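**Q** I have a structure here, written as structure tokens, and I will follow up with some questions on it.
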Amino acid sequence: MVCDGFSVNHICKSCKRLLKPEFIKKDDVISFYKYENIEFLIKYKYEKFGSFIFKELATSFSLFSKKYPHKLNVIPIDDKIDKGYSHTAILANAMKKDKKLFSTLHSTNNIKYAGKSLEFRLNNPREFKYFGPKGIDVVLVDDIVTTKTTLKEAKEVLKKHNVNVLFSVVLADLR
Ligand SMILES: [Zn+2]
């Protein structure tokens, strides 16, 4: 799906080599790819077969989880099922050794942020509701960080439940 080469998998071996994850840390956000390298792949989240693409990209989350010495509580942000899957749930699910808190942090405002300005994001908060356990440390999972508005909002809501965000893990950080 990435090149014209023949492959029985969705992403061929040579393209997979190009998608080798890096380890990028900016303040409390860990990311694995430069956005321009995976932009065309992330866009598949709006498609039915995007689940295959996200499973490939989720390898980066799996490697990170393997290397991280402690067992984490992982919250995929707004992991509602859309077109048969949730892209943040696929990413979180790749963190094999960690505890996943699925469907615990959902937005009550279904406005799409893609391509929208910071002003629009600030004027239209996601209005997260948290349904998970209180008094724990967690790691947030999302596909991309654009302005950090979503992460900040999620953190504020979690704080009210005495849930402390250690850091966030995303595919790409655009900042
Ligand atoms: Zn290829």
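Coordinate-derived values only; no laboratory data. The structure presented is a predicted model; accordingly, all values stated were derived computationally and were not measured. In this analysis, Cβ positions are derived from the backbone assuming ideal geometry, glycine residues included, and neighbour counts consider all displayed protein chains.
**Q** Could you tell me the calculated FRET efficiency between Ser103 and Asn37, based on Cβ-Cβ distance and R0 = 35 angstrom, to the nearest 0.05?
**A** Between Ser103 and Asn37 the formula returns 0.70.
**Q** Find how many whole Å separate the alpha carbon centroid of segment 15-39 from the alpha carbon centroid of segment 112-136.
**A** 23
**Q** In whole angstrom, how long is each semi-axis of the equivalent ellipsoid of segment 47-161, when you take the square root of 5 times every eigenvalue of its Cα gyration tensor and sort them from largest down?
**A** Semi-axes (√(5λ), whole Å): 22, 19, 13.
**Q** Kindly count the pairs of lysines across segment 54-99 whose alpha carbons are less than 14 Å apart, treating pairs on different chains or eight or more residues apart as eligible.
**A** Summing the qualifying lysine pairs gives 9.
**Q** What is the calculated FRET efficiency for Phe167 to Lys16, with r their C-beta to C-beta distance and R₀ = 22 Å, to the nearest 0.05?
**A** Computed FRET efficiency for Phe167 and Lys16: 0.25.
**Q** Which loop-located trypsin sites (Lys or Arg not before Pro) does segment 13-92 contain, where loop means any DSSP state but H, G, I, E or B and the Cβ has at most 16 other Cβ atoms within 10 Å?
**A** Sparse-neighbourhood loop trypsin sites (Lys or Arg not before Pro): Lys34, Lys48, Lys71, Lys80, Lys83.
**Q** Which Cα, out of Tyr113, Phe40, Ile24, lies furthest along the positive dipole direction of the chain (beta carbon charges, K/R +1, D/E -1)?
**A** Value computed over the given set: Ile24.
**Q** Further question on the same structure: Please identify every one of the GluC sites (Glu not before Pro) in segment 72-175 that sits in a loop by DSSP and has no more than 13 other beta carbons within 10 Å of its own beta carbon.
**A** Qualifying residues, ordered by number: Glu127.
**Q** May I pose another question? For segment 50-175, what is the percent of antiparallel DSSP beta bridges, rounded to the nearest 5?
**A** Expressed as a percentage, antiparallel bridges in segment 50-175 total about 25.
**Q** Rounded to the nearest 500, what is the 222 nm mean residue ellipticity of the chain from helices alone, with -39500 (n - 2.57) per DSSP H run of 4+ residues and division by all residues?
**A** Calculated from helices alone, the mean residue ellipticity at 222 nm is -8500 deg cm²/dmol.
**Q** Further question: Name the long-range amide H neighbours of Ile30: under 5 Å, sequence gap of 5 or more, or other chain; modelled H, no Pro or chain starts.
**A** Amide H to amide H, under 5 Å and 5 or more residues apart or across chains, Ile30 pairs with Ser168, Val169, Val170.
**Q** DSSP loop trypsin sites (Lys or Arg not before Pro) in segment 108-164 with at most 13 other Cβ atoms within 10 Å of their Cβ, which ones?
**A** Those satisfying the criteria are Lys112, Lys134, Lys160.
**Q** Mind checking which of Ser14, Ser65, Ser51 has the largest fluctuation in a GNM of the chain, springs on alpha carbons under 10 Å?
**A** Of Ser14, Ser65, Ser51, the most mobile in the Gaussian network model is Ser14.
**Q** Roughly what angle does helix 149-159 make with the longest principal axis of the chain, taking Cα atoms, 0 to 90 degrees, to the nearest 10?
**A** Tilt of helix 149-159: around 40 degrees.
**Q** Still on this structure, please answer the following. So how strong a dipole does the chain carry about its Cα centre when Lys and Arg Cβ are +1 and Asp and Glu Cβ are -1, to the nearest 20 debye?
**A** Around 440 debye, computed over the chain.
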